[in-house]
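The values are calculated or read from the model by the stated rules, or taken from the named source; none is laboratory data. Everything numeric in this text was worked out from a predicted model, so none of it was measured. Cβ atoms come from the backbone with ideal geometry, glycine included; neighbour counts cover every protein chain shown.
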Amino acid sequence: MSAVHPTSVAPTSDAALTGGDVSAAGRRGVDLAGTLRSAVMAALLMFGLAVPILLLRTEQGPGGGLILIPRWNLVLVCCGLVFLARLAIGLLGGDQGLFSRARTRKATITVSADPAKQSGFRFAAVATPLFVGAAVAFPLIVYLLKGGLAESRYWIDLGILILTYVMLGWGLNIVVGLAGLLDLGYVAFYAVGAYSYALLSTTFGLSFWICLPLAGILAAFWGILLGFPVLRLRGDYLAIVTLAFGEIIRLVLINWVDVTGGGAGISSIPRVTFFGIPFTAGEEGFAARFGLEFNPMQRVVFLYYLILVLALITNLVTIRLRRLPIGRAWEALREDEIACRSLGINTTNTKLTAFAIGAMFGGFAGSFFATRQGFISPESFNFLESATILAIVVLGGMGSQVGVAVAAIAMVAGPELLRNLGFLRAVFGEGFDPNEYRLLLFGLAMVAMMVWRPRGLISVREPSVVFRERKSISGSLVKEGHG
Amino acid sequence: MSVAGINVLVEETRAAEKARTAPLLSVRGVETYYGNIIALKGVDLDVHEGEIATLIGANGAGKSTLMMTICGNPRARRGRIVFDGRDITNLSTHEIARLRIAQSPEGRRIFPRMTVYENLQMGASLDNFAHFNDDLERMLAIFPRLKERLHQRGGTMSGGEQQMLAIARALMARPRLLLLDEPSLGLAPLIVKQIFAVIRELNERDGMTVFLVEQNAYHALKLAHRGYVMVTGTITMTGTGKELLANPQVQAAYLEGGRH
């Protein structure tokens, strides 16, 4: 057998018990009652969820006290929508619903024999230049669409935010996706990078370009420092200790007022310069030197391209490292630590380098964050940040670079888009603010992911080396729980 | 030739003599504990260069513990393990592996999400990829199945194929000593035969030194030059494979009364 044949995975046991080869079409008529029943169940469940979450709205009364306003119509509309959606899913043959009683999930997974048809490879091959091209052209496109630099500020800022998270996601991907070390405290290194730049530049007047590598080195040092005590830990225990580490860093930043300024943070951090030339309106400024008209947006566009370059460096380094012995050792470590040792891999060094390199990129991103904001405080480095970055890595499909980028866009841009869904007011009434439902929708998206893509958006792992021909197998064919 | 040169020559000759007489691996009085529970109660065992030595015993006798102790995880609390004249008792696992002791651990432990090719590459990293292409061709010749599966993920293969991969991965490191922990575990009799045939071939053709831990006493003893029987953490019997096969006690305990 020189190619992977279409592989049939055996039907689930209950399907086999009830006569495995009954086709989905054959039982559709019988299933109508079942579908209705599960639709009712779904609506009831929605009702149960909606009553505590959606029903009551608080508003300030005339006397300053709070008034509770019940919103039964909203609750009922939601239940109705869920009922109809479940019914539609059941009738359209998609029997993979959460509440499906007869599990007639189609159990045949076909693996194409033709490497060119492997969607994973094609997707990655097409997506990478597409993404890079789109990212490079983004400010120009926004400029043309919005008809001015000042008008496109919001979109370029959003682009910077997304790219920051893409970079953080790629950095954490080294630790979590490649080396398989579940790190819940990644924001600590982001904070170390940000505070390194802020303190070095405000205290010693060092420029951003000197501080950037220093911040990376310091963050990597802290990565090693975290790595030592957790060398023996894996999985849940590792997650708890790294979570604690993230909190310790934040609490130290809050309480060490003499150095870090405490909760008030550090302000007036020097802005980024064009390799020494400041973005100011004066004689020595960027615009004057290059014969341009001064525009404060020049700095923002420069920041955009700066973070784009930093993110691409992270990506290139990761891709390169994956092909080197150390990268392969990371992946092998994720798969089986004992086997790694018996193959002569020093697991201590392997883990520490994963922590250090992941932390280094977090540090770069942190110092970028500090120079962009001009102000940092411990508030920016709470656990929610770690959780968001980890969610980006997990959503993207651990270990997949393109997947992480897609997930970062979805996670950062998605909530922003919700701000612009004003038309929903027409459906839910004047007082409806789609912004309030961001987390709800976020949760729904997470549940949907778990049902349909439990291994992340892009779960195909590209082999780092190929011999004669390329071929890959979807992650869904390998047992769960590995990576 | 200078005096120093002659001295080197003399030393080399001595070392070669020593290698001929001293065993490649010698385990002396090794005691291993899991917490306070003693698992190995002073084990003595030798594996000579170019031979197949096998350790048989019932479940829980300590066979795999001995194999893991040789690899340094867990460490022996007492006793000495010497490999090629070097005390390896207190070395860490990866350092022991770098002395070219390759292990195919119990339960195979291949890398499931990596392809067969990448798995083999991981094995060759110890050898610094010096002979990677030659070794790869050799492995694919020994295990033609792996050639068919070269770009498949390890985890998607059958148990027998995974076992072949585990052995091939260990061999990619060009080991001086190959440790095999229950290669027949959970495999169909036909596959077991194939795997034992491969072990014999490796030994006869390439002179590979093999230390084999097995439950399948009949196959293992038939193959082995030297056999050890382990009962609750101590070696109770030693002899050539043939001697042990003919031994009535061994027959009664491990060979269903010789009805094989």
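Looking at segment A:216-223, is at least one residue among the β-branched types (Val, Ile, Thr), closer than 30 Å to A:THR350 by Cα, touching an Asp or Glu at 6+ places or on another chain (Cβ under 8 Å) and assigned to a helix (DSSP H, G or I)?
The answer is no; no qualifying residue exists.
Could we say that A:THR280 is among the hydroxyl-bearing types (Ser, Thr, Tyr) and in a helix (DSSP H, G or I) here?
Numbers: among the hydroxyl-bearing types (Ser, Thr, Tyr): yes; in a helix (DSSP H, G or I): no.
Criteria not met by A:THR280.
Does A:GLY366 count as among the small types (Gly, Ala, Ser), under 24 Å from A:TRP222 (Cα atoms) and surrounded by fewer than 21 Cβ atoms within 10 Å (Cβ to Cβ)?
It is false that A:GLY366 is among the small types (Gly, Ala, Ser), under 24 Å from A:TRP222 (Cα atoms) and surrounded by fewer than 21 Cβ atoms within 10 Å (Cβ to Cβ).
Tell me, yes or no, whether segment A:322-333 has at least one residue that is over 23 Å from the mean Cα position of the chain (by Cα), more than 30 Å from A:GLY147 (Cβ to Cβ), more than 11 Å from every other protein chain (Cβ to nearest Cβ) and modelled with pLDDT of 90 or more.
no
Does segment A:219-266 hold any residues that are of a type in the set (Phe, Trp, Tyr) and over 12 Å from A:GLY185 (Cβ atoms), and which are they?
Hits for segment A:219-266 are A:PHE221, A:PHE228, A:TYR237, A:TRP256.
Identify, from the list B:ARG113, B:ARG98, the residue that is touching a helix residue (DSSP H, G or I) at 6+ places or on another chain (Cβ under 8 Å), at pLDDT below 90 and at the interface with another protein chain (Cβ under 9 Å from one of its Cβ atoms).
Of B:ARG113, B:ARG98, the one residue that is touching a helix residue (DSSP H, G or I) at 6+ places or on another chain (Cβ under 8 Å), at pLDDT below 90 and at the interface with another protein chain (Cβ under 9 Å from one of its Cβ atoms) is B:ARG113.
Within segment A:337-349, restricting attention to residues that are buried (at least 22 other Cβ atoms within 10 Å of the Cβ) and not small (Gly, Ala, Ser), which residue is farthest from the other protein chains (Cβ to nearest Cβ)?
Looking at the filtered set, the residue picked out is A:CYS340.
For (1) hydroxyl-bearing (Ser, Thr, Tyr); (2) assigned by TED's automatic domain parsing to the domain that holds A:MET360; (3) farther than 19 Å from A:THR371 by Cβ, each residue gets a yes or a no:
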{"position": "A:ALA191", "(1), (2), (3)": "no, yes, no"}
{"position": "A:SER201", "(1), (2), (3)": "yes, yes, no"}
{"position": "A:LEU214", "(1), (2), (3)": "no, yes, no"}
{"position": "A:ALA219", "(1), (2), (3)": "no, yes, no"}
{"position": "A:LEU253", "(1), (2), (3)": "no, yes, no"}
{"position": "A:ASP258", "(1), (2), (3)": "no, yes, yes"}
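Suppose we filter B:ARG169, B:ARG226, B:ARG149, B:ARG153 for residues that are of a type in the set (D, E, K, R) and more than 21 Å from A:GLU335 (Cα to Cα); which single one remains?
Result: B:ARG226 is the single residue among B:ARG169, B:ARG226, B:ARG149, B:ARG153 that is of a type in the set (D, E, K, R) and more than 21 Å from A:GLU335 (Cα to Cα).
Please go through (1) assigned to a helix (DSSP H, G or I); (2) out of contact with any Cys (no Cβ under 9 Å at 6 or more places or on another chain); (3) under 25 Å from A:SER377 (Cβ atoms) for A:SER196 and return the number of the only condition it doesn't satisfy.
Single failed check for A:SER196: (2).
Just to be sure before I move on: is A:THR108 among the β-branched types (Val, Ile, Thr), within 25 Å of A:ILE160 (Cβ to Cβ), at pLDDT below 80 and surrounded by fewer than 16 Cβ atoms within 10 Å (Cβ to Cβ) in the structure I sent?
no
Are there any helices (runs of 4 or more DSSP H) wholly within segment A:350-453 with 2 or more residues that are within 30 Å of A:ALA332 (Cβ to Cβ), and if so which? Walk me through it before giving the result.
On the way: elements: A:383-396, A:401-418, A:425-428, A:438-452.
Ranges flagged: A:383-396, A:401-418, A:438-452.
Being within 19 Å of the chain's Cα centre (by Cα) and of a type in the set (A, V, I, L, M) is true for just one of B:LEU146, B:LEU150, B:LEU178, B:LEU255. Which residue is that?
B:LEU178
In segment A:61-80, what count of residues is obtained for those that are under 33 Å from the mean Cα position of the chain (by Cα) and surrounded by fewer than 13 Cβ atoms within 10 Å (Cβ to Cβ)?
1
I'm trying to understand the selection: among the residues of segment A:370-421, which are surrounded by fewer than 21 Cβ atoms within 10 Å (Cβ to Cβ), modelled with pLDDT under 85 and not aliphatic (A, V, I, L, M)?
Matches in segment A:370-421: A:GLY414, A:PRO415, A:GLU416, A:ARG419, A:ASN420.
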